[in-house]
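Student: Below are the structure tokens for one structure; questions will follow.
The values are calculated or read from the model by the stated rules, or taken from the named source; none is laboratory data. Everything numeric here is computed off the predicted structure, so don't read it as measured data. Here the Cβ is made from the backbone with ideal geometry for all residues, glycine too, and neighbour counts use every protein chain on show. Quick note on the areas: whole protein, heavy atoms, side chains included, nothing else; ligands and nucleic acids left out. Shrake-Rupley method; radii C 1.70, N 1.55, O 1.52, S 1.80 Å.
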Amino acid sequence: HGVPDCHQTVANLACFDGQAQVFGASLSSGSEDERWAYSAAGLWRRERGALYSQTGTAAYEGDTTGLWADVSLRWRPDLTVAMRAERLASQHTVNGPGASLVAATAGLTAAPTVHRLALALGSTLFEPVALWLEAGAEQASGASAQPYVVLRAVWQAPQWLQGRF
């Protein structure tokens, strides 16, 4: 798929013309024996400019913040337990004639804060394949929690990043 071309038509589109800045930071650490590890990260996206659609043009300011943290414990050499917590929040301000219609076209009328909490159990079947079973719940503000279960196969080949096959 491609990026919509706002120079041709804005039918059924909302287009942004302005500046977007993204700031991020992360940290991670763990034990020397690699038995446990933790990591955390944060992200802030700041947008300022104009938002326009077929229904009008409006001044737009948007801020999105995200935070997440992981903790893992290698219980045995082939078994790891991990927990992850996430939060994502957006705040949008749209001002000007027809601002509510422009915001609706852009999908900005409902920007709930979303929280997610997950617990995972991973096991290395054979190098380089690991299986992870994850269970958790995601909840948007004002809505009930949505539980989920995921089975993930992870294949890692770090030698490819070093030019060896």
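Student: So the label point goes 7 Å from the Cα of A20 along Cα→C-beta, right? Which residues of region 42-56 then have their backbone N under 14 Å from it?
Tutor: 44-52
Student: Let me ask another. Give the accessible surface of region 14-90 per residue, rounded to a whole number of Å², with probe radius 1.4 Å and ligands, DNA and RNA excluded.
Tutor: Here the residues of region 14-90 average 65 Å² of exposed surface.
Student: Here is a further query. Of the candidates P97, P128, P147, which one comes out as most mobile in a Gaussian network treatment of the chain with C-alpha springs shorter than 10 Å?
Tutor: Among P97, P128, P147, the largest GNM mean-square fluctuation belongs to P128.
Student: May I pose another question? Per DSSP H run of at least 4 residues, take -39500 (n - 2.57); add these up for the chain, divide by its residues and hand me the 222 nm value, nearest 500 deg cm²/dmol.
Tutor: Working: 2 runs with 12 residues, N = 165.
The helix-only estimate for the chain comes to -1500 deg cm²/dmol at 222 nm.
Student: Accessible area of region 90-153 with a 1.4 Å probe: how many percent of it is carbon plus sulfur? Can you show the working numbers first?
Tutor: Details: 2450 of 4000 Å².
Answer for region 90-153: carbon and sulfur cover 61 percent of the accessible area.
Student: Now for a different question. Say each of E34 and H115 gets a label point 7 Å from the Cα, pointing the same way as Cα to Cβ; how far apart are those two points in nm?
Tutor: Each label point lies 7 Å from its Cα, and together they span 3.5 nm.
Student: Hey, of [x] 61, 44, 24; [y] 62, 42, 27; [z] 44, 39, 25, which did the structure itself give for Cα extents along the principal axes in Å when calculated?
Tutor: Label of the calculated value: [y].
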